[in-house]
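Here is the structure we will look at.
The values are calculated or read from the model by the stated rules, or taken from the named source; none is laboratory data. Computed from a predicted model, the values in this text were never measured in an experiment. Here the Cβ is made from the backbone with ideal geometry for all residues, glycine too, and neighbour counts use every protein chain on show. Remember, those area values only see protein heavy atoms, side chains included, never the ligands or the DNA or RNA. Shrake-Rupley method; radii C 1.70, N 1.55, O 1.52, S 1.80 Å.
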Amino acid sequence: MSKAVNQEFVMCETQRVKNEPKSFVYTKKRGYDITRDPHLNKGMAFTLEERLQLGIHGLLPPCFLSQDVQVLRILRNYDMKSNDLDRYIFLMSVQDRNEKLFYKILTSDIERFMPIVYTPTVGLACQQYGLAFRRPRGLFISIHDRGHISTLLKSWPDDDIRAIVITDGERILGLGDLGSYGMGIPVGKLALYTACAGVKPQHCLPVMMDVGTDNEELLKDPLYIGLRHKRVRGQQYNDLLDEFMQAVTERYGMNCLIQFEDFANANAFRLLQKYRNQYCTFNDDIQGTAAVAVAGLLAALRITKNKLSDHTILFQGAGEAAMGIANLIVMAMMKEGTTKEQAIKKIWMFDSKGLIVKGRSSLTHEKMFFAQEHPEMKKLEDAVCDIKPSAIIGVAAIVGAFTESILKHMAALNERPIIFALSNPTSKAECTAEQCYRLTEGRGIFASGSPFDPVKLPDGRIFHPGQGNNAYVFPGVALSIIACGIKHISDDIFLLTAEAIAEQVTDEHLAEGRLYPPLSSIRDISVKLAVKIAAYAYEKNIASVLPEPEDKVSFIHSHVYSTDYEHFAVDCYTWPEEAMKIQTVHI
């Protein structure tokens, strides 16, 4: 049974040829339209028959290559690039030309390529987006398009959109307001949807909501590609987002997943609360970061040999990530049997103005929730010495915040101190893996937001620092949401996600210093996570795809994108000979 996937009537179906399943693609496109469409283009992997039928014979060299040879060519070109930004631009050019080849390369060595297509290199790419810009990707919606967003959505060539990542560019990683340059983040996130979990790329749409920028350097930059005025805020901003959410669901349905990414704190919290019970939406900076951080803490408990509620946790930072992690920690502690009030007392926060305590002026509603009865303190080191935490978590993008003195204090206070330097990119990390392991004499339980190389101590021990990458979370969560048709995403799903990730950490991983399974197995991790969420969704009656599949593993696998090339063919067949007989007369 054929299934339409876009306006050009591209159809896929599986047929049996010589008792073997073979996937065919039918398209009305011909000639250059084929070779310039990244969804369809196979380069020199087109067979002679395909070239003749599609009208591209002569447009390609008279040579026929396998996908493996194409991968080899790309890798050799990749190795010739002198820096990571050039490598990023090169890989994005492959994505523009040949989508399946791009994802074949990413999945061939995800540990090697993820730091290029996402953090930390994507941060540099966003900063240099005007220079790196080659071809528009995604949908750019501006504040001046109010009242016409539904029309803009019709400009996108694919009708069957299942997942959207949207940003307004105000808080890109730890780099601040990058305005329209922030489009690199939705593009990178959705690339990981496909590479890490197999979400089909033709079902994904990156969106940049351009309302201006307060970054003076960008406003003066002749290469800047966004609106050249200060950010529009207030009711106009709110109306734009409301219109966007409504237009998306009217065009793509209520099951369309909308992931908010890199919005400033003030907007991130309120938009999540505003939309989470109306639409299928989540904020990865708040909820995704929470799940991956709590997964690391749950894995660390197998080293510390106690419960999460036995720990006192101090956050450096009190923004989106900190609040998301803290709230999920409270849920996890309550699941252990701790009361909500007791759990909150285990969590301390330190922001740009000092320790968050009751009676301190200008606290937001979110910060008030975790304010403790304690004198004010202005230095993080003093807070560490006084509170005596067993875990410190950095999420404020203040490079070097975990000083030598703080790390030594943590080692003196705890047999196995937990030290998470989660800020991105690497240049914003609170400490390096080497600093943590060296200053705690190898006793620190370390995780970071961006990757660090293995660390060898003077005594010969080698540690492989765990990377608390949100890629462990959002691709698998998205795959299950899309497959099951989950309309609203509760925090219970993210706690389940944290537990599922921690379960996949082996004793061997822990012995190496890893709190997360190797990224090389991310596709299997994501699929297992999606299966677990699917089982939960049907148990709790929050899945809308019915009937409930008996074999949920096969059900999830049926939604996974294949990077192998498909075969093009015309729908060629014959009638019975008598029916094809040409009628004639003798004159």
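Condition check ((1) among the hydroxyl-bearing types (Ser, Thr, Tyr); (2) touching a Ser or Thr at 6+ places or on another chain (Cβ under 8 Å); (3) not in a strand (DSSP E or B)) across all residues:
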{"position": "Ser180", "(1), (2), (3)": "yes, yes, yes"}
{"position": "Gln202", "(1), (2), (3)": "no, no, yes"}
{"position": "Ile225", "(1), (2), (3)": "no, yes, yes"}
{"position": "Val232", "(1), (2), (3)": "no, no, yes"}
Here are Met183, Met208, Met245: which of them is of a type outside the set (S, T, N, Q), within 27 Å of Glu111 (Cβ to Cβ), out of contact with any Asp or Glu (no Cβ under 6 Å at 6 or more places or on another chain) and in contact (Cβ under 8 Å) with a residue 12 or more places away in the chain?
Met183
Only one of Leu495, Leu510 is open to solvent by 20 Å² or more (accessible area, probe 1.4 Å), outside any loop (DSSP other than H, G, I, E, B) and not basic (Lys, Arg). Can you tell me which?
Leu510
Out of all the residues in region 540-565, which are open to solvent by 50 Å² or more (accessible area, probe 1.4 Å) and in a helix (DSSP H, G or I)?
Val553, Ser554, His557
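Kindly indicate which of His39, His57 is outside any helix (DSSP H, G or I) and under 22 Å from Thr194 (Cβ atoms).
Details: His57 fails: under 22 Å from Thr194 (Cβ atoms).
The conditions single out His39.
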Filter pass, Asp33 being modelled with pLDDT of 95 or more, farther than 30 Å from Gln128 by Cα and acidic (Asp, Glu):
yes
Among strands (runs of 3 or more DSSP E) completely within region 277-370, the ones holding 2 or more residues that are in contact (Cβ under 8 Å) with a residue 40 or more places away in the chain and of a type outside the set (Asp, Glu) are 281-283, 313-316
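For region 88-112, name all the residues that are within 21 Å of Ala429 (Cβ to Cβ) and surrounded by fewer than 23 Cβ atoms within 10 Å (Cβ to Cβ). Please lay out each step first, then the result.
Of region 88-112, the ones within 21 Å of Ala429 (Cβ to Cβ) are 88, 111-112.
Passing the criteria: Glu111, Arg112.
Give Gln236, Gln202, Gln259, Gln273 a once-over and let me know the one that is more than 25 Å from Ile105 (Cα to Cα), polar (S, T, N, Q), open to solvent by 20 Å² or more (accessible area, probe 1.4 Å) and touching a residue at least 60 places away in the same chain (Cβ under 8 Å). Before the answer, list the steps.
Details: Gln202 fails: more than 25 Å from Ile105 (Cα to Cα); Gln259 fails: open to solvent by 20 Å² or more (accessible area, probe 1.4 Å); Gln273 fails: touching a residue at least 60 places away in the same chain (Cβ under 8 Å).
Being more than 25 Å from Ile105 (Cα to Cα), polar (S, T, N, Q), open to solvent by 20 Å² or more (accessible area, probe 1.4 Å) and touching a residue at least 60 places away in the same chain (Cβ under 8 Å) holds for just one of Gln236, Gln202, Gln259, Gln273, which is Gln236.
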Go through (1) touching a residue at least 40 places away in the same chain (Cβ under 8 Å); (2) open to solvent by less than 50 Å² (accessible area, probe 1.4 Å) for Thr35 and report which single condition fails.
(1)
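In region 423-454, which residue that is among the hydrophobic types (A, V, I, L, M, F, W, C) and free of Cβ contacts under 8 Å to residues at least 40 places away in the same chain is most open to solvent (accessible area, probe 1.4 Å)? Even if it seems obvious, please write down each step before you answer.
Of region 423-454, the ones among the hydrophobic types (A, V, I, L, M, F, W, C) are 429, 431, 433, 436, 439, 445-447, 452.
The next check asks that each one be free of Cβ contacts under 8 Å to residues at least 40 places away in the same chain; those that pass are 429, 431, 433, 436, 439, 452.
Values: Ala429: 8, Cys431: 3, Ala433: 1, Cys436: 0, Leu439: 22, Phe452: 48 Å².
Residue satisfying both the conditions and the ranking: Phe452.
Looking only at residues that are in a loop (DSSP other than H, G, I, E, B) and open to solvent by 10 Å² or more (accessible area, probe 1.4 Å) in region 481-492, which one is nearest to Ser558 (Cα to Cα)? Quick ask: steps written out before the conclusion?
First, the residues of region 481-492 that are in a loop (DSSP other than H, G, I, E, B): 485-490.
Subset that is open to solvent by 10 Å² or more (accessible area, probe 1.4 Å): 487-488, 490.
Details: Lys487: 20, His488: 23, Ser490: 25 Å.
Once the filter is applied, the top-ranked residue is Lys487.
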Test: residue in region 287-301 that is farther than 25 Å from Gly400 by Cα, surrounded by fewer than 24 Cβ atoms within 10 Å (Cβ to Cβ) and over 22 Å from the mean Cα position of the chain (by Cα):
yes
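Which ranges mark the helices (runs of 4 or more DSSP H) fully within region 373-480 that have 2 or more residues being under 30 Å from Glu341 (Cα atoms)? Give the steps one after another, and end with the answer.
Working: elements: 380-387, 404-413, 433-439.
Because the criterion is at least 2 residues that are under 30 Å from Glu341 (Cα atoms), the helices (runs of 4 or more DSSP H) in region 373-480 that meet it are 380-387, 404-413.
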Every residue from region 65-87 that is of a type in the set (D, E, K, R) and surrounded by 13 or more Cβ atoms within 10 Å (Cβ to Cβ)
Arg73, Lys81, Asp84, Asp86, Arg87
Could you tell me whether region 396-403 includes any residue that is of a type in the set (Val, Ile, Thr), at pLDDT 95 or above and open to solvent by less than 30 Å² (accessible area, probe 1.4 Å)?
no
